[in-house]
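One structure below.
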Amino acid sequence: MNEEFLGKLVHTLGRDIVITDPADIEPWLTDWRGVYKGSAQAVVRPTTTQQVSDCLRLCNEYRTPVVPRGGNTGLCGGATPDAAAGNVVISLDRMNRIRALDTVANTLVADAGAILGNLRRAAQEAGRLLPLSLAAEDSSQIGGNIATNAGGVNVVRYGMARELVLGIEVVLPNGDIFNGLQTLRKDNTGYDLKQLFIGSEGTLGVITGVALKLLPLNPVRTVVLAAVDSPRQSLELFRLVYGTCGSRLQAFEYFTDACLDLVLTQVDGMHQPFADRHAGYVLIEVADTANEAAFQALVEDVIGQALESGLCQDAVVSASLSQLNELWRLREEISEAQRADGPHLKHDISLPIERIPEFMVTAEERLRTVTPDCRLFVFGHFGDGNLHYNVSRPSGAAKGWAKEWETRVAEAVFDEVMRYGGSISAEHGIGQLKRHAFHHHKDPMQLRLMLQIKQIFDPNSIMNPGKLL
């Protein structure tokens, strides 16, 4: 701890902004899964971009490491400080204003600490849609979503968070403010610098504001839950639904029967969706502004084709909003069910969509040679090639199994992912969890360029140490 630095920090920002009492700092040192815990000499909770600037300028002067923190919903320890006692955690939770919402330009400008769910509701109240949607949207902050290039359930239609960003405001490590909050749809004047900060995981600066695209509301929504006998069948079903519904296809989610069983076991009030159990399930959401009767006829026609063609064994179509939400819960409660079950080794991977069925066969075969009795829980955003390939301890094994087997299991999964031309992180980021694997699997030239960019923006290496790079 540097008492001189800490004194200047408190003097510059005020005691209402800077937390220094160890007991008050404690809640800010652990990730939400309880996997990572670090240290810090202070937590800074600014209310303005200028206060973030003042903080970073001082930290840079004293070479003090800075850890930006959003809603603490990440799964890779990217917002958790390391063990260094001198860390300063910057939380944007007090910077949560909506700065502007324009239904002509269809844009929303907000502070980085604004809760994603609140922004989605504000857009909806204005008759517009902010399509970024995550299971943790009522606690995740938009700055963190952008810093990790979040995905979610609507990527198949709207793309990753990156696709929704028009502009960005960032405080650089030296305290300079990069004011790129333009809401222009077209700007062809050189390098698109905002893209460097999207997905940078707080290693280049602190995002303090974002300008986002809004889209039309799709008031007519239907969810279909289809039972399938294999990932290959899911792929053929995806081909049919996408070809028939086109851009109306908003989500195409897949989960195995093991995932369903876990939800039914661990989550109260859940019910088996079909009389019989099946190898897997596909949750499809389609949405439009169209006439509801015509839209419903389209959905029923495509599901009828799927059943007649043997592309699914059974299907249920939501008949009400409450039923739609209940079907979604079967998918969305998987993570909480896993949490209740105990430690899981989580692998957020992406693959060429057409190779997912083959990968699921060979990856399991490879894993069984490493740990024959492990339990697999595979689910994810099948329509955009993103699988959450999660591995848990054998039945009856101690909860410490995950820690003991983490490295060997990850090596097996990631090696197989790379063999298929995939990525070891689809939407969760690198953080602390995947840093070694990232350096091992990433193309050396790409790594070298990233390090050079990091050196330009953060020559003193104060930003989010131990993460990503």
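In this structure, does Gln296 turn out to be at pLDDT below 95, surrounded by 15 or more Cβ atoms within 10 Å (Cβ to Cβ) and outside the structural domain of Gly383 (by TED's automatic domain parsing)? Yes, satisfied. What about Asp82, is it under 19 Å from Gly429 (Cβ atoms) and surrounded by fewer than 20 Cβ atoms within 10 Å (Cβ to Cβ)? When the stated conditions are applied, Asp82 passes them. Given the condition closer than 16 Å to Gln141 by Cβ, more than 22 Å from the chain's Cα centre (by Cα) and either assigned by TED's automatic domain parsing to the domain that holds His428 or of a type in the set (Lys, Arg) (or both), answer yes or no: does some residue in segment 99-121 qualify? The answer is yes; a qualifying residue exists. Going by the structure shown, is Leu212 out of contact with any Lys or Arg (no Cβ under 6 Å at 6 or more places or on another chain), outside any helix (DSSP H, G or I) and modelled with pLDDT of 95 or more? Considered against the rule, which asks whether it is out of contact with any Lys or Arg (no Cβ under 6 Å at 6 or more places or on another chain), outside any helix (DSSP H, G or I) and modelled with pLDDT of 95 or more, Leu212 comes out as yes. Would you be able to say whether some residue in segment 258-269 is surrounded by fewer than 17 Cβ atoms within 10 Å (Cβ to Cβ), in contact with a helix residue (DSSP H, G or I) (Cβ under 8 Å, 6 or more places away or on another chain) and in a loop (DSSP other than H, G, I, E, B)? Yes: one or more hits. Can you tell me which residue in segment 352-390 is farthest from the chain's Cα centre (by Cα), limited to those that are part of a loop (DSSP other than H, G, I, E, B) and more than 16 Å from Ala412 (Cβ to Cβ)? This residue is Pro352.
Of everything listed in (1) touching a strand residue (DSSP E or B) at 6+ places or on another chain (Cβ under 8 Å); (2) surrounded by fewer than 21 Cβ atoms within 10 Å (Cβ to Cβ); (3) closer than 26 Å to Phe457 by Cβ, the single unmet condition for Ile168 is (2).
Taking helices (runs of 4 or more DSSP H) as the structural unit, those lying wholly within segment 84-176 and holding at least 3 residues that are at pLDDT below 95 correspond to 155-158.
The values are calculated or read from the model by the stated rules, or taken from the named source; none is laboratory data. Note that the structure is a prediction, hence the values are computed from the model and not measured. Every residue, glycine as well, gets a Cβ built from its backbone with ideal geometry; the counts of neighbours run over all protein chains shown.
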